[in-house]
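Notes follow the structure.
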Amino acid sequence: WWKQRRNPDVLWVFYDDLHADLPGCIARVAEFLGLAESEPATLERTAALCSFDFMSAADNAPHFDDHFVRGHVLPRMGLPRDLPARVSKVCHGVVGRGARELPASVVERLAARWAETMVSET
């Protein structure tokens, strides 16, 4: 992805920005896709369907989990395909949570790797 950072055909969207201003990010994506004339009601509906509340609702959560991946990976791990577990990409809707939960040693290794790989190319 780093080599594409200046590609005008790539739009960068960050979780922190989505969290801070979901409707604004949706409008930005629509404009990037040439859909700048989208109806406000369409943008509002899109924001509602992309919200943490919608995706984490009990009725909707299965649409955002990894059940299709689990069905393939679990047997390769020697585990039953139907092993009950709720795995979801929709966790807590909190920005920066991962950095607070990672052990300091992992954060240090990630920072060192980032500096080695990314900073040298800027």
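The modelled label-to-label distance between GLU31 and ARG113, using points 7 Å beyond Cα along the C-beta direction, is 3.5 nm.
The label-point distance for ASP66 and VAL10, in a model that sets each label 7 Å from Cα toward Cβ, rounds to 2.4 nm.
Taken together, the values in this text are just the output of simple stated rules run on the coordinates, not laboratory data. Nothing here was measured: the structure is a model prediction, and the numbers come from that model. Cβ: placed from backbone, ideal geometry, glycine included. Neighbour counts: every protein chain shown.
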